[in-house]
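Step one of this worksheet: look at the structure below.
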Amino acid sequence: MKAFAELLDRLLYTPSRNGKLTLMTNYFRATPDPDRGYALAALTDGLPYAFPIRRIIVELAENRFDPELYRLSRDYVGDTAETLSLLWPKPANAGAPPRLAEIVERLKFIGRHQQAAELASWLDRLDVTGRWALLKFLSGAPRVGVSARLARLGVAQAFGRDVTEIEELWHGLEPPFLTLFSWLEGRTGLPEKSLTPVFRPLMLAHPLEDPDWEALNVAEFAVEWKWDGIRVQLSGRGGVTRLFSRTGDDVGGAFPDVIEGPAFDAVLDGELLVVRGGEVAPFGDLQQRLNRKTVARAMIEKYPAHVRLYDALELDGEDLRALPFVERRERLECWHRDRRPPRTDVSPQLSPASKDELREMWQGARHGGIEGLMLKRRLSPYLAGRPKGHWYKWKRAALTADCVLMYAQRGAGKRSSFYSDYTFGVWANGESGLALVPCGKAYSGFTDEELKELDRFVRQNTTERFGPVRAVEPKLVLEVAFDAIQKSGRHKAGLAMRFPRIARIRWDKPAEEADTLDHLMQIAE
Amino acid sequence: MPAMPAFETWLRPDDHGLYCVPGDFYIDPHAVVARAVITHGHSDHARAGHGAVLATEETLDIMRLRLGEFAGGQLQAIAYGDVLTMGDVTVRVVPAGHILGSAQIVIEYRGRRAVVSGDYKRHPDVTCLPFEPITCDLFITEATFGLPVFCHEPDHGEIGKLLASLAAFPERTHQVGVYSLGKCQRLIALLRQAGYDRPIWLHGALRAMTDYYMSRGIELGHVPAVAAATDMLAGEIVLSPPSAIGDRWSRRLAEPLASFASGWMRIRGRVRQRGVELPLVISDHADWPELLDTIRETGAEEIWVTHGREEALVHAVEAMGLKARALALVGREDEPE
C-alpha cells in the first residue's frame, strides 16, 4: 500500500503527461503481483466492490475526535476524507501496513457491519499518505489526473510494449491482471482470447497536407464525409454488445439506446452522433450525453444516439482487417442490409470524378454535422495506429474572428512561468454601451517566440490580479481560428467555439476594430 | 501570604505588542518602541527602528544584516543563561530551537515566572540549539500550526522523497522554495546529513544568511550561486525563495520541478494553490503534539496564545484544565514560516 499511496500522491501533483508516465512506469516495474494489478484496476475501470465510504467516514469521525477540534480542522482543511487522514492517531502497536491486495481481497467478503471496524484497523496501520490514498481509493475513482488510456500506456511503456497490444486484450482481462503481467514479463504467452466483446485498436487518419494533396490520385481513394461526432467501436460477441471509445474505454453505460438492440457477432468502426429524423444534430447535443455513467430516459428521447458505420473489422467471427478497404466496405454493406441493426446506418460513399470535384465537395462541406472529408486508400488493410499514406482527414477550412485579449492565466509544467492561457472577447451592446464579452479561451496556435511576446504583453498591461489570473488592458487583438461555432446556454456570450486557437497576433489592429457578438451569432450554427 | 498579582497587571498586550510593565520593555513589538526584547531575527518579530534592542548575539547580527543602520539605536547582546535586571524584573534567554539565535524570554517578577516562547519547535535541528523547556507559571506560546491536523513528518523521510524524485526525474532541476533565514540552511544541513554531497545551488536572495550561518561554524558544504552556473542544472537541487517558483527567474532552470519545504505542505489545498509538484513537510514551528507536550512540560497554570490558529489550541488547553487566553496580537504574518 505504501508504494501505491506514494504513486497516487505524486500523480496528483504532477501536471505533465510524461511525468505521470515515468511515475507509473517505475511503479509497475517495481511492484509485485497482485498489488500492481489492483493498482492498475484502480487507475482504469475502478474496483468492482462498492464501499459506502461517506457514511463510514462520518461514523468514524464522530466517535473518535473532540467534536470542536474536528469541526475546526474540517473547516480549515476543506475535505472530510483528508481531515480524517490527518487527524487519525497512529497507535503504538498497530502492526505492519496492509498490502493493497490484502485490502482489495478483503473487500469482497466484508460484511456491512464489519466495514467501519475493518477500515479503522487499516487506517491504524498506515501512515498519513497511506490513509489518504486508502480513503481516496475506496471512494471510487482516484481522480489524480490519469485517464484509463494513460494508465494502460504506463503499463505498456514499463515493459516496452505497444499500447495497442494491451488495448486489444483489455476487455477480456480482469483485475489483478496476472496473465497480462506474466505475458508482459515474458513468462507466459498471450492471455487467452475472451468470449465477451473485445476492443480492436483503431486505425487513425493523418491531416491532409499540401504535398499530400499534390500527390493525390483520386482514383486510388474512397471518399466519405467526416462526421462531427466521436469515433467509436461497436463490438458484439456472445450475446453482449459494447460501445468503446477510441481509446478502448467502455462508454456503453451512457448509450443503452445503442447497445440494447439485437445481439450480433461483429466489430464495427463508426461515428457516434445524435440524429433526429435523419438529421445529424450539432456536436453540442452529443456533448449532453458524454461523460456519464448512466443516462435518464428523457435524455435518450431528447438526444437520440446513433452510430454511423464506415468500416468492419470482424463479421461473424471472421477477422477482416487484412482485406482491402473496398472489400471490407462491401462486406459491411451486405451485412448491414441483412441485419438492419437499429440506431445505425452506413456512411455513404462519395464519388468525385476528378480532383476539382473533390475540392468542390470539400469547399461545400459546411453543413449539418459535417466537418470535412475522409479519404481512404481503396487497397489499404485495417492497420492499428496512425500509419502514413493510408487515411487522410481533410477538415474544412477553419473560421476566424478577431477577438480582444481580456484575461490570461499561467500555464502548468513547462509553461508554469508563462501566461499562456488566454481568454478573449468580442464587442457587444450592453446597458452601458459597447463592452467586451468573453467568448472563448485558447492556449495553442502560437510559437514559443510568440508566447514570450504574449507573456510580456500580459505582464506589462495587467490591470487586475485574481490568483493565477490577470486581467489585461483590452487592447491586443487576437485572430482566433475555430472549427465551428454553436449557440450555447453555458457561456456568457451565448456561444461556444470548437477547438479555438490563436491563428495570428494582430499587434497592428486597434481593439475597436475587433469583431462583434452580432457577427459571431450570424455565423453560428 | 498576599494574593499574587494577576499576570495581566504586569504583562499586557497593547497596540504596539506585548508589554512588560515593571520592566518597561516590549517583546517582539510590531511598532517602533523605546525598548524591545527580540526573540529571533524573522522580519515579523524583529522590526526596524526600535530605540534599544536586547537579543542574542546571533539575532542582533541577523538584524544588522537584514536592516543595516535601522536595526536599532542601541543593540545589547545577551547570552543564553545570562540573567539581566530590567526595572523590577529579571530577564534571561534560553534556546527556542526555531532558527539560529532564537530565544525564549524568561521574565521573573515577585516570585512569578513567565516564559515568552517566540517561535519554537521540538524537531531536531543541527543549525541551532534545541528548545529548552522551562518550568513556569505563565507560558506564552505561538500557535502557527495550532490544529490537530498538523503533525509534521520526521525530516529524513521528507528528504528521502526529494532524493527519490531526483533519481526518478534526473532531467529536471528540483527547485525547492525555502524561507531565506532558517529553513534554507536547515534544508541544506538535512541534505548533507542524508549523504547528499553534490553542490546545492542558491538563489541570490539566500546568500547573505547562508554565509552568516557558515561563519558561525555550521557546515553546509559547497553552495554555489545559480547565477554562476554554466548550464541549466538538470538533475540538481536549487534553493530559492518561494516567490521565485513559477516566476520568470526559474526559466533559466531545466524544466523546473517545483518543490516547497514548509509545514503548510501538510494541507493538499495549499499545495495545489502554490502549484507545487513535490511538497516537503519540513517546518521550523512546533506541530500540534509538540505544542501540547510543551505546554504540559512547562507546568504552567495559565497559557496565552500569541498568533496562529488560537481557537483550537485555547480549546485544547482548557480541556486540559488550564486557563487559556488568545492574545490576538496584530502584525504577525499569517504564514510565518
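Bear in mind these aren't lab numbers, they're just calculated from the coordinates by the rules spelled out. Predicted model only: the values in this text are computed from it and were never measured. Using ideal geometry, Cβ is built from the backbone for each residue, glycine included, and neighbour counts are taken over all protein chains shown.
Note on residue B:77/residue A:2: beta-carbon distance plugged into 1/(1 + (r/R0)^6) with R0 of 45 Å gives a FRET efficiency of 0.40. Here the protein assembly as shown carries DSSP beta bridges of which approximately 70% are antiparallel, counting only pairs with both residues inside. Only alpha carbons enter this Debye calculation for region A:320-369, each as an equal point scatterer, and the log10 of I(q)/I(0) it gives at q = 0.21, 0.22, 0.26 Å⁻¹ is -0.90, -0.92, -0.96. Under 5 Å between amide hydrogens, built in the peptide plane, is the criterion, and for residue A:221 it picks out A:378 among residues at least 5 positions away or on other chains.
Couplings 3J(HN,Hα) of region A:164-180, computed from phi: 5, 4, 6, 4, 5, 7, 3, 6, x, 9, 9, x, x, 6, 4, 5, 5 Hz, in residue order, whole Hz [Karplus 6.51 cos²θ - 1.76 cosθ + 1.60, θ = phi - 60°; x for Gly and Pro]. Taking every DSSP helix (H) stretch of at least 4 residues in chain A, weighting each as -39,500 (n - 2.57) and dividing the sum by the residue count yields a mean residue ellipticity at 222 nm of -10000 deg cm²/dmol.
Using θ = phi - 60° in the Karplus curve 6.51 cos²θ - 1.76 cosθ + 1.60, the 3J(HN,Hα) couplings for region A:507-517 round to 4, 7, 8, x, 4, 4, 8, 5, 6, 10, 5 Hz; x is entered for Gly and Pro. Estimated from helical segments only, the mean residue ellipticity of chain B at 222 nm is -6500 deg cm²/dmol, where each DSSP H run of four or more residues counts as -39500 (n - 2.57).
Does chain A come out rounded, prolate or oblate by the C-alpha gyration tensor, with a ≥ b ≥ c the root eigenvalues, rounded set by a/c under 1.5 and, if not, prolate when a/b is larger than b/c and oblate if not? Here chain A falls in the oblate category. The residue A:363 and residue A:294 beta-carbon pair, evaluated with R₀ = 41 Å, returns a calculated FRET efficiency of approximately 0.45.
For residue A:171, nonlocal amide neighbours, meaning residues 5 or more places apart or on other chains whose placed amide H falls under 5 Å from its own, are A:199. Summarising the amide proton neighbourhood of residue B:86: residues at separation of 5 or more, or on other chains, whose placed amide H is nearer than 5 Å comprise B:91. Applying the criteria of a DSSP loop state and at most 12 other Cβ atoms within 10 Å to the chymotrypsin sites (Phe, Trp or Tyr not before Pro) of region B:178-276 yields no site. About its Cα centre, region A:399-523 has a charge dipole of approximately 560 debye under the convention of +1 per Lys or Arg Cβ and -1 per Asp or Glu Cβ, with nothing else charged. Fraction of C-alpha pairs exceeding 32 angstrom in chain B: 31 percent, rounded to a whole number. Between the residues A:87, A:103, A:72, the greatest Cα displacement towards the positive end of the dipole of region A:2-138, with unit charges on the Cβ of Lys, Arg, Asp and Glu, is found for A:103. Charge dipole of region B:1-136 (Cα centre as origin; +1 on each Lys and Arg Cβ, -1 on each Asp and Glu Cβ, all else neutral): 200 debye, rounded to the nearest 20.
Rounded, prolate or oblate: which one fits region B:262-326, using the alpha carbon gyration tensor with axes a ≥ b ≥ c (rounded when a/c is under 1.5, else prolate when a/b beats b/c, else oblate)? Judged from the Cα gyration tensor, region B:262-326 comes out prolate (a/c at least 1.5, a/b above b/c). The simple Förster model, with R0 at 60 Å and r as the Cβ-Cβ distance, assigns residue A:55 and residue A:322 a FRET efficiency of 0.65.
Given +1 at the Cβ of Lys and Arg, -1 at the Cβ of Asp and Glu and no other charges, the dipole of the protein assembly as shown around its Cα centre is 1580 debye to the nearest 20. 3J(HN,Hα) along region A:407-412: 9, 9, 10, 5, x, 10 Hz, from the Karplus curve 6.51 cos²θ - 1.76 cosθ + 1.60 with θ = phi - 60°, whole Hz, x for Gly and Pro. Placing a label point 7 Å from the Cα of residue B:192 along the Cα-to-Cβ direction, the residues of region B:101-127 whose backbone N falls under 13 Å from that point are B:126-127. Where the centre of each part is set by its Cα atoms, how far does region B:90-133 sit from region A:286-364, in angstrom? Centre-to-centre (Cα) distance: 77 Å.
Temperature 10 °C, viscosity 1.306 mPa s: under these conditions the Stokes-Einstein estimate for region A:206-395, based on its Kirkwood radius over C-alpha pairs, is 92 µm² per second. With a cut-off of 11 Å on the backbone N, the residues of region A:351-392 near the modelled label site 7 Å out from residue A:215 along Cα-Cβ are A:388-390. For chain B, what proportion of DSSP beta bridges, expressed in % and rounded to the nearest 5, is antiparallel? So the antiparallel bridges in chain B amount to around 40 percent.
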